[in-house]
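The values are calculated or read from the model by the stated rules, or taken from the named source; none is laboratory data. Predicted model, so just to flag it, every value in this text is computed and none were measured. Cβ coordinates were reconstructed from backbone atoms using ideal geometry, including for glycine residues, and neighbour counts include every protein chain displayed.
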Amino acid sequence: MGNSDSKLNFRKAVVQLTSKNQTVDSNDANFWSQFWSSHIPNINDVYTLIPSYEIRALREESPSNLASLCTKIVEKLSECSEGTFLTEKNQTTVINCVRLLTRIIPYIFEDPEWRGFFWSESPVNKSNDKNSVPLAQTLLNSLISLLFVPDFTVHPNKKNFGSGEDKVKTIDSCEYIWEAGVGFSHSPPQNYNHDFNRTEILKLLLTCFSESIYLPPSIECHVQPNLWITYFTSFKNQ
């Protein structure tokens with residue numbers, strides 16, 4: 001019953017978002033939270049509840065709503081990656097946000113007018129801050145951090161785990177490994193939930209890196225580097 005109610009609420013939010021005549025206030029926290037607070041246990045449900053034709057309609061007919069949705073999701077992921085160790089609620093939030101972007105981003109890439117959206121200043125929260133970074137950079141930084149969160153994507157190995165003393169972004173990922181390797185002779189215990197969460201995040205990273213797939217087959221379109229991969233593999237990525 002609970003899952004049905006969550007799906008219904010999620011679907012209602014999608015319908016409201018895709019309404020041609022209704023621009024949703026970007027500051028309406030209660031509305032936006034419906035997208036990551038609902039309990040949607042299967043990624044197939046996300047694809048069913050947000051059909052492809054509605055994403056394209058949202059992009060063409062309600063672009064401000066699509067921009068707000070992407071921005072709010074990235075902001076939420078950043079918030080979770082910068083906080084203390086993830087609670088069960090925040091873990092659900094992260095997975096929902098990751099799945100949403102995995103679903104939406106291909107439709108951003110396929111439209112030339114939207115392709116640079118994640119690398120330009122956000123049209124929703126414009127700022128005069130010279131240190132502001134593109135949404136894409138914020139997203140990649142957040143996903144990298146989330147790949148090494150104790151009891152979410154890696155096995156906790158500190159006695160003070162969960163005490164709130166550490167922040168996700170201050171964790172030394174060398175202390176929280178996936179498999180044995182140089183400097184670490186023993187692999188951490190296998191955990192299905194950790195593998196599941198890693199896979200969801202890696203799917204989104206692969207989606208981000210796949211922008212070149214959506215470019216037309218012309219030399220002009222392929223002389224520029226893939227900004228997603230360029231940043232991910234650069235020295236700026238700590």
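Among the criteria (1) part of a loop (DSSP other than H, G, I, E, B); (2) modelled with pLDDT under 90, the one CYS174 does not fulfil is (1). Within segment 95-116, being assigned to a helix (DSSP H, G or I) and either of a type in the set (D, E, K, R) or without any contact (Cβ under 8 Å) to a residue 60 or more places away in the chain (or both) holds for ARG99, ARG103, ILE104, TYR107, ILE108. Residues in segment 73-88 that are touching a Ser or Thr at 6+ places or on another chain (Cβ under 6 Å) and either outside any helix (DSSP H, G or I) or β-branched (Val, Ile, Thr) (or both): VAL74 only. Every listed requirement among (1) touching a residue at least 40 places away in the same chain (Cβ under 8 Å); (2) more than 24 Å from LEU204 (Cα to Cα) is met by TRP36 save one, (2). Every condition in (1) over 21 Å from ILE108 (Cα atoms); (2) in a helix (DSSP H, G or I) holds for HIS39 except the one numbered (2). Regarding segment 63-85, can at least one residue be identified that is among the polar types (S, T, N, Q) and modelled with pLDDT under 90? Yes, that holds for at least one residue. Checked against (1) at pLDDT below 95; (2) buried (at least 17 other Cβ atoms within 10 Å of the Cβ); (3) part of a helix (DSSP H, G or I); (4) not basic (Lys, Arg), ASN193 passes all but a single condition, namely (2). Residues of segment 15-32 that are farther than 15 Å from ILE73 by Cβ and touching a Lys or Arg at 6+ places or on another chain (Cβ under 9 Å): none at all. Just so you know, in segment 51-62 the residues that are part of a helix (DSSP H, G or I) and in contact (Cβ under 8 Å) with a residue 40 or more places away in the chain include one that is farthest from the chain's Cα centre (by Cα), and it is GLU61.
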